[in-house]
Amino acid sequence: METSILFPSDPDKISEKDHLQLHPFSIYNSSTSRGRELRAIVAMNREGVIGKDGDLPWHLPEDLRHFKELTMGHPVIMGRKTWESLPKRPLPGRRNIVVSRNPDFHAEGAEVFPSIEEAVEACREVPFIIGGEQIYRAALPFCTRIFITEVDAEVEGADAFFPPLPSQDWDETERGEEMVSKTGMRYRFVTKIKK
Ligand code: VY7
């Protein structure tokens, strides 16, 4: 297994000396200890569905407003497919960062980095991981806080999912009241913090 100083994948491989260095992330990365805060924000249903056919599976304007409010002024880090799914690019008022392994990929109004590590390292404000599935999966081990919009919707033919959040690893610190969208859809805002 490959280990990275920035992203130690195996806590046992971190030597005692290592945590004297300044790690952008580490296993000591929980919000209750030293280390860099990294947030994820996601809208998903109870099965973890986040997308279908390159788009969000629902129309939920209250979530988009919530997303905008929380991320405004912060760098947003996204995968190439999420970037291409945005109806309006870049997201205004935020530093837009796209992660792509393709060195020829260019995104007008955004910065492109080849890895999440490099993207996060370039941030001087707390960044938000905004999707999609591949980026969430890769970044989740280093996330300290997740802002979830739990959407009460059944989705047929979903093809993008948020990874599981085992309760051994995540404390649910906020569970908002269930609300009803002007579209009739039920949803609530939930916050989870890395233990
Ligand atoms: C969705 C949009 C989709 C359709 C129409 C407008 C949570 C979301 C994401 C990522 C929603 C989207 C938009 C909404 C944001 C506007 C610009 C227009 C802005 C996420 N909870 N919800 N997401 N936009 N990671 N987490 O990509 O975007 O912020 O300026």
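The values are calculated or read from the model by the stated rules, or taken from the named source; none is laboratory data. Since this is a predicted model, take the numbers as computed values, not measurements. Because the Cβ atoms are built from the backbone with ideal geometry, glycine has one as well, and the counts that use them run over all protein chains shown. Ligands, DNA and RNA are stripped out before the accessible areas are found, and what is left, the full protein with its side chains, is counted by its heavy atoms. Shrake-Rupley method; radii C 1.70, N 1.55, O 1.52, S 1.80 Å.
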Put GLU133, GLU118 in order of accessible area, largest first, probe 1.4 Å, and you get GLU118, GLU133
Quick one: length gained pulling ASP159 to LEU64 fully straight, 0.36 nm per residue minus the C-alpha distance?
-> 32.1 nm
Set the Förster radius R0 to 41 Å, insert the Cβ-Cβ distance between ASP53 and ARG124 as r into 1/(1 + (r/R0)^6), and round the FRET efficiency to 0.05.
-> 0.70
For the range 117-195, what class follows from the C-alpha gyration tensor (a ≥ b ≥ c being the square roots of its eigenvalues): rounded when a/c is under 1.5, otherwise prolate if a/b is larger than b/c, else oblate?
-> prolate
Under a point spin-label approximation (7 Å from Cα along Cα-to-Cβ), what is the GLU111-LYS88 distance to one decimal in nm?
-> 2.4
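Going through the cross-link list LYS52/LYS88; LYS68/LYS88; LYS68/LYS182; LYS52/LYS81; LYS52/LYS195, which pairs have a Cα-Cα distance over 22 Å in this structure? Show your work: numbers first, answer last.
Values: LYS52/LYS88 19 Å; LYS68/LYS88 13 Å; LYS68/LYS182 18 Å; LYS52/LYS81 12 Å; LYS52/LYS195 31 Å.
Beyond 22 Å between Cα atoms: LYS52/LYS195.
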Rounded to whole Hz, the Karplus (6.51, -1.76, 1.60) HN-Hα couplings of the range 165-182, x for glycine and proline | 10, x, 5, 5, 9, 10, 9, 8, 9, 9, 9, x, 4, 5, 10, 10, 5, 5
Seen from all sides and averaged, what is the projected area of the convex hull of the Cα atoms in the range 29-114, in nm²?
-> 7.3
Residue by residue through the range 187-195, the couplings from Karplus 6.51 cos²θ - 1.76 cosθ + 1.60 with θ = phi - 60°, in Hz, x for Gly and Pro, are 7, 8, 9, 10, 10, 10, 10, 5, 5
Taking placed amide H atoms and a strict 5 Å upper bound, the residues 5 or more places from ALA153 or on another chain that come that close are ARG46
